[in-house]
Amino acid sequence: MARAVSRNTRIGWTIAAWFVALLIFFPILYAIITSFKSEQEAIAGFDLIPSFTLESYREVQSQYNYFRPFMNSVIIAVGSTVLALLVAIPAAWAMAFSPTKRTKDILMWMLSTKMMPAVAVLVPIYLIFLRTGLLDTRTGLVIVLMLMNLPIVVWMLYTYFREIPGEILEAARMDGATLGQEIMHVLAPMAVPGIASTLLLNIILAWNEAFWTIQLTTTNAAPLSAFIASFSSPQGLFWAKLSAASTLAIAPILIMGWFSQKQLVRGLTFGAVK
Amino acid sequence: MGSITLKNVRKAFGDVEVIPGVDLEINNGEFVVFVGPSGCGKSTLLRLIAGLEDVTSGQIQIDGQDVTDAGPAKRGLAMVFQSYALYPHMSVRKNIAFPLKMAKMPEAEQEKRVSHAAKILNLDSYLDRKPGQLSGGQRQRVAIGRAIVREPSAFLFDEPLSNLDAALRVNMRVEISELHNSLKTTMIYVTHDQVEAMTMADKIVVLRAGNVEQVGSPMELYARPANRFVGGFIGSPNMNFLEGAAAAAHGAHAIGVRPEHWRLSTSEGDYPGTVGVAEHLGSDTFLHIDLDSGEHVIARAEGEFPVHHGDRIFLSAQEGRVYKFGKDGLAL
Amino acid sequence: MATRQTQSLARLMRAPAIVLLLIWMIVPLAMTLYYSFLNYNLLNPANTSWAGFFNYQYFYTDPAFWESIWNTLVLVVGVLAITVVGGILIAMLIDKPIFGQGIVRILVISPFFVMPPVAALIWKNMIMHPSYGVFADIAKFFGAQPVDWFAQYPLFSIILIVAWQWLPFATLILLTSLQSLDGEQMEAAEMDGAPALQRFIYLTLPHMARAITVVILIQTIFLLGVYAEILVTTNGGPGNASTNLTYLIYRAARLNFDIGGAAAGGIIAVVLANICAIFLMRAVGKNLD
């Protein structure tokens, strides 16, 4: 509602909103601050001003070889998302532009696979991985996360593709475009923003996944979520290092997340709220 | 060249028969309008000609060649869509040039044709804009431009003016008619608006429920409607229908009198009634009249006709202007 | 635009996604169902035998099972209550004409992008730790005895962490819904003399009803599967005080190597999730056309 309100009211609301926002953001902020503290400072009581040492960051790399889980995260998140897109783009395209009577049922069914609790298939997946040697491999996690997010990917793409008016594709056909040209010159340029948002949101989801990553990896293929979870006991006492590892783990995704707010709503509600 | 022949063309979506079987002859250079109420199958018929839908059975010929199984690109037709269907990511120039690019025409020739089309359509100064930056009328022109650069054997228009406001619609109507006069290419135009049909067409095809009700020139349809549906559909305001005793007097099941074919009198006439709403437009006066026999009719008087709500009025049909229809709706 | 050619092509394009998901859904689930009827322990695989309904019976009679069901319920309901009520309030606050709305939004949604293990460890060590956490610092500042959250209120502590993670999601969706509320409708109500609270109850809430439903249903699906937060904080303890169904099954499968038992638990989890899913599908399905 664009309405004129008095300046004082506006300042009042602003203060209240900022207070709440900072309160919610505080744990993240405090972790970032702590990551720039020394271990002694970190447990020396509440203090918002660190000594700005990079010691913890250095040690996270030298002691725990941080780079490996980081790369595992990148490969698993990007790999599973790209693979899902490769399968989902044609499917969503077909469902959006050549819908049949059963398209709606197929979409609902895809959604229903997402409702299956992961823990219900923990036993068979674990046993399959154990026997096929996929346990603690990036390939294995890429496969599982790709399948897990495939319904969301199809759905998001479907809702984006459906916003491309069918008449435009028909116009291209009338203009003499072959199917390939239709896709390359007309569909792709119009679909790219939707595909990009889908890519972004799914990298975020895959990056933060913390059930399968913990269950199916030990050291070799462990991405950041599994790596950080291993801090839960003894090493957890080294708070500055934990904070540094945490900051590194969440920073890239936090920034990506800020750019995908709108898509987040749409993707996670399967288009039910736009 | 652009003569199009439909031979017993049928279209069914699953069990639903949309077009039961249409035979139609469209001559080269004709402006043909498909008109009918929404859902009458006029757009489907156009899309069948375009090749965007498959016919269920029957044959479509363009210039004597069977194109029933040819894809839309192979038929040499151009289409202007209701939503204009411009490519939002391309500039106006690229939109217009797109069909030429698809035809792998040399760049120089493309450029020549695009600027020629832009000149005809007054788009010169907008060539580098994106469709999103244009007004509705300009978008419409770009869509037409994209169609004319191909020099197609026929143009197909699918309700092209329905997204424009009333004033612009009248302008574009005239522009499209002028375009047809200068290009002399076959045009097939779909609309639900009988005014567009009457003003633009050489030949009108009136459709109802997938059936061709009547084919003819606008004046033929106006003067000699084949049935009650065509009589009621062509002409504005609609034809008045009277049944019962009034019709029996003419030996028909129903008679139709157009609003402009009444003789009006305040003292005597065949059908007495009371004025309901009187719309005084200056050039015309439209009277909504409740007849004593219970029917509601509309009459148009030229110029000012000084009656008001509640006045008594008497109507008579002008000589030779009574349309008679049988029980089956066909003209007698 | 359905010509025969495009339709057969469409079928070909849909096939890979459908086939993959079909396999992903049917194969593991069928295996789970099969295992749930076996006496099968990874420590003693040679002794595998048919168990009938024993695994289910075992779960049913195990007090830990009922405790975990109860904990799952408390966790889901607790988090939902906090996030929905908090989300509505915060969404309305952000929707006000405030300075720096963009940044406020970014700060508020940030927790959603923090991976569960990191979120749980930050809260466990830096916020709720009985000696070094911020809560302890605050308690000491006021001269009170710091609380050992994870020992004294384990489930509540986990609810707090999970609610913090999901509050942004609820806020963002409710805000999106709030912003689509018709301003003229509000003004009409104001002209009709409805005070602010009435306008909220009769206009704002009904308008958000759909979004609230979606928030509740989607969160429920995810909240039933809360796992990492428990793993890195309480390990389900003390005792079973913070063990939910997911964690109980994980423990049976991975710590006790009881494949049959874990599979039976998995089937129960599927049944529970499906009850929620049915409602969700209805809400989403309505919006398809």
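The values are calculated or read from the model by the stated rules, or taken from the named source; none is laboratory data. Predicted model only: the values in this text are computed from it and were never measured. Methodologically, a virtual Cβ is constructed for each residue, glycine included, from the backbone with ideal geometry; neighbour enumeration extends over all protein chains shown.
Some notes on this structure:
- Residue in region A:138-148 that is of a type in the set (S, T, N, Q) and either in contact (Cβ under 8 Å) with a residue 60 or more places away in the chain or facing another protein chain (nearest Cβ under 9 Å) (or both) present: no
- Residue in region A:174-188 that is touching a strand residue (DSSP E or B) at 6+ places or on another chain (Cβ under 9 Å), within 27 Å of A:Ala92 (Cα to Cα) and among the hydrophobic types (A, V, I, L, M, F, W, C) present: yes
- Selection of region A:111-136 for residues being outside any helix (DSSP H, G or I) and at the interface with chain C (Cβ under 7 Å from one of its Cβ atoms) yields A:Met115, A:Met116, A:Pro117.
- Only one of C:Ala189, C:Ala194, C:Ala209, C:Ala170 that is of a type in the set (Gly, Ala, Ser), in contact (Cβ under 8 Å) with a residue 12 or more places away in the chain and surrounded by fewer than 22 Cβ atoms within 10 Å (Cβ to Cβ): C:Ala189
- Residues considered: B:Ala97, B:Ala154, B:Ala166. Of these, the only one that is farther than 30 Å from B:Glu25 by Cα, at pLDDT 90 or above and either among the aliphatic types (A, V, I, L, M) or under 20 Å from the mean Cα position of the chain (by Cα) (or both) is B:Ala97.
- Of all the listed residues (C:Leu175, C:Leu203, C:Leu121), the sole one being more than 10 Å from every other protein chain (Cβ to nearest Cβ) and either touching a residue at least 40 places away in the same chain (Cβ under 8 Å) or not in a loop (DSSP other than H, G, I, E, B) (or both) is C:Leu203.
- Candidate set from region A:67-119 (those that are of a type in the set (Val, Ile, Thr) and more than 18 Å from the chain's Cα centre (by Cα)); member that is nearest to A:Ser246 (Cα to Cα): A:Val119
- Any chance C:Ser68 is modelled with pLDDT of 90 or more, touching a helix residue (DSSP H, G or I) at 6+ places or on another chain (Cβ under 6 Å) and either at the interface with another protein chain (Cβ under 8 Å from one of its Cβ atoms) or crowded, with 17+ Cβ neighbours inside 10 Å (or both): yes
- Residues of region B:82-100 that are more than 8 Å from chain A (Cβ to nearest Cβ) and assigned to a helix (DSSP H, G or I): B:Val92, B:Arg93, B:Lys94, B:Asn95, B:Ile96, B:Ala97, B:Leu100.
- Hey, C:Val104 within 12 Å of chain A (Cβ to nearest Cβ), crowded, with 21+ Cβ neighbours inside 10 Å, part of a helix (DSSP H, G or I) and out of contact with any Cys (no Cβ under 6 Å at 6 or more places or on another chain) or not: yes
- Test: residue in region A:120-135 that is of a type in the set (S, T, N, Q), modelled with pLDDT of 90 or more and surrounded by fewer than 24 Cβ atoms within 10 Å (Cβ to Cβ): yes
- Test: residue in region C:140-153 that is of a type in the set (D, E, K, R) and either outside any helix (DSSP H, G or I) or buried (at least 22 other Cβ atoms within 10 Å of the Cβ) (or both): yes
- Scanning region C:34-52 finds one or more residues that are at the interface with chain A (Cβ under 8 Å from one of its Cβ atoms), more than 30 Å from B:Leu45 (Cβ to Cβ), in contact (Cβ under 8 Å) with a residue 60 or more places away in the chain and buried (at least 19 other Cβ atoms within 10 Å of the Cβ).
- Those residues of region B:131-178 which are crowded, with 18+ Cβ neighbours inside 10 Å, aliphatic (A, V, I, L, M) and more than 14 Å from B:Ile96 (Cα to Cα), in sequence order: B:Leu134, B:Ala154, B:Leu156, B:Leu161, B:Leu164, B:Met172, B:Ile176
- Selection from region A:168-181 of residues that are part of a helix (DSSP H, G or I) and either crowded, with 22+ Cβ neighbours inside 10 Å or facing chain B (nearest Cβ under 9 Å) (or both): A:Ile168, A:Leu169, A:Glu170, A:Ala171, A:Ala172, A:Arg173, A:Met174, A:Gln181
- In region B:217-273, counting only strands (runs of 3 or more DSSP E) that sit wholly within it, the ones holding 2 or more residues that are over 26 Å from the mean Cα position of the chain (by Cα) and at pLDDT 90 or above span B:262-265.
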